[in-house]
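Peer 1: First the structure, which I've put down as structure tokens, then a few questions once you've had a look.
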Amino acid sequence: MEVRIIPFDEKYLDETLAMMRKWSPDHPELGEKSLYDWQRCTRYLAMSGDEVVGHIGQIAHEFRYADGRPPVKLGWGVTLVINMSQDAVRKAAGRLLLKACEDAPGVKYAAVGVVPTIEPAYLRRGHQIVREGSSYFARFFRPEKALAYWGKPTWYSSFAKLAGLFWRPDTTVRHGSLEPVTHFLAEWDPIWDDQMKQQYEFYGVRDADFLNYKLAQPNRQYFAFLHKDSSGAIDGYIIYRRAKHLTRDMDLVRVCDMVGSRTAKRDMLARAMQFALQEAPGTYGIVGLSSSTDEQNFKSTGMFVTRPYPVVLAAGVEGKPHVTLFDSDLDNLW
């Protein structure tokens, strides 16, 4: 049967959420109406007759260049869930849903969460895969759990434990002070933009509207702190939380987002490490996603595990993107 794409229609909401729960069983949170109500995105449905056989969302986010070039509005492709029961329908739905996002006016297609098996498909569609911009950073207290989750041999855990003896965790705040914050003010926006412009080639806008929206995500308990330098001036923020997978054995502290001076970052990551070690008993580790240029900041607090994090960008979009877990929908899942 022919597959067609339509803009999301509320009359299909219940059917769409049920389809997500059935065909994405590892992530039942995708079927939560509270997440749907909160998420800002454009949605498309794949229809076969009157049946919903696929869904994709697209999040628009302005990315800026440090050198003053005109900004680019990226359109992150998110929450691609497809009915897998019929091969022909599956292929058609996937292809057409991606095309709907690629052809969306006013945005340039982008994606995260890219695994090697689907990289060739993105390249065939004319996109580029940027590997040099961002990296995943971690320290595991139970490395065998992380290795099992990633499908890696658990005997690697011996090497991780040995490396951990060299890269000791640091929980000491040395360069200023940290203050809890529950709401970001617009008057702080220039601070964040100035810090990012100094450090990153190509970065997503961080302002009060974006940050307060993220903090309002349902079924999450975020911890947010402002950093003040020795003179009392605000020079950074960090947001983290404890995340437990709903269906698999994984429990991590996530550094969701962070902006600041080099010294502020080291203090803020030390506070996140303190939370992981002292206030999140039983967690398997602490992880973060940031620009590869932040590697020494993460390592300074003991997050020594590093691996490149590929990002898909539409052809013609230049620069190495700085992404964190607050970009795209990376913090929507568990």
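The values are calculated or read from the model by the stated rules, or taken from the named source; none is laboratory data. Values in this document were obtained by computation on a predicted structure and should not be read as measured data. Methodologically, a virtual Cβ is constructed for each residue, glycine included, from the backbone with ideal geometry; neighbour enumeration extends over all protein chains shown.
Peer 1: Quickly run through the stretch 189-218 and pick out the residues that are crowded, with 18+ Cβ neighbours inside 10 Å and of a type in the set (A, V, I, L, M, F, W, C).
Peer 2: Within the stretch 189-218, I191, W192, M196, F202, F210, L211, L215 qualify.
Peer 1: Select, from H227, H245, H183, the only residue that is surrounded by fewer than 16 Cβ atoms within 10 Å (Cβ to Cβ) and closer than 30 Å to G68 by Cα.
Peer 2: It is H183.
Peer 1: Let me ask something else about it. So which residues in the stretch 62-98 are surrounded by 15 or more Cβ atoms within 10 Å (Cβ to Cβ) and within 14 Å of A314 (Cα to Cα)?
Peer 2: Hits for the stretch 62-98 are F63, V72, L74, G75, W76, G77, L98.
Yes or no, residue by residue, for (1) in a strand (DSSP E or B); (2) in contact with a His (Cβ under 9 Å, 6 or more places away or on another chain); (3) in the same structural domain as H61 (by TED's automatic domain parsing):
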residue	(1), (2), (3)
Q198	no, no, no
D209	no, no, no
H227	yes, yes, no
Y237	yes, yes, no
D249	no, no, no
R266	no, yes, no
A270	no, no, no
T283	no, no, no
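Peer 1: All but one of (1) within 28 Å of K244 (Cα to Cα); (2) free of Cβ contacts under 8 Å to residues at least 12 places away in the same chain; (3) assigned to a loop (DSSP other than H, G, I, E, B) hold for V114; state the number of the condition that does not hold.
Peer 2: Only one criterion in (1) within 28 Å of K244 (Cα to Cα); (2) free of Cβ contacts under 8 Å to residues at least 12 places away in the same chain; (3) assigned to a loop (DSSP other than H, G, I, E, B) is unmet by V114, namely (2).
Peer 1: Would a scan of the stretch 96-111 turn up a residue that is at pLDDT below 85 and assigned to a helix (DSSP H, G or I)?
Peer 2: To start, the set of residues in the stretch 96-111 that are at pLDDT below 85 comprises none.
No: the stretch 96-111 contains no residue that is at pLDDT below 85 and assigned to a helix (DSSP H, G or I).
Peer 1: On to the next question. With the condition kept exactly as written, say whether any residue in the stretch 36-48 is of a type in the set (A, V, I, L, M), within 24 Å of Q217 (Cβ to Cβ) and not in a loop (DSSP other than H, G, I, E, B).
Peer 2: Within the stretch 36-48 (the criterion being of a type in the set (A, V, I, L, M), within 24 Å of Q217 (Cβ to Cβ) and not in a loop (DSSP other than H, G, I, E, B)), the answer is yes, since at least one residue qualifies.
Peer 1: Here are some conditions: (1) farther than 29 Å from P321 by Cβ; (2) exposed (fewer than 14 other Cβ atoms within 10 Å of the Cβ). V53 meets all but one. Which one does it not meet?
Peer 2: Only one criterion is unmet by V53, namely (2).
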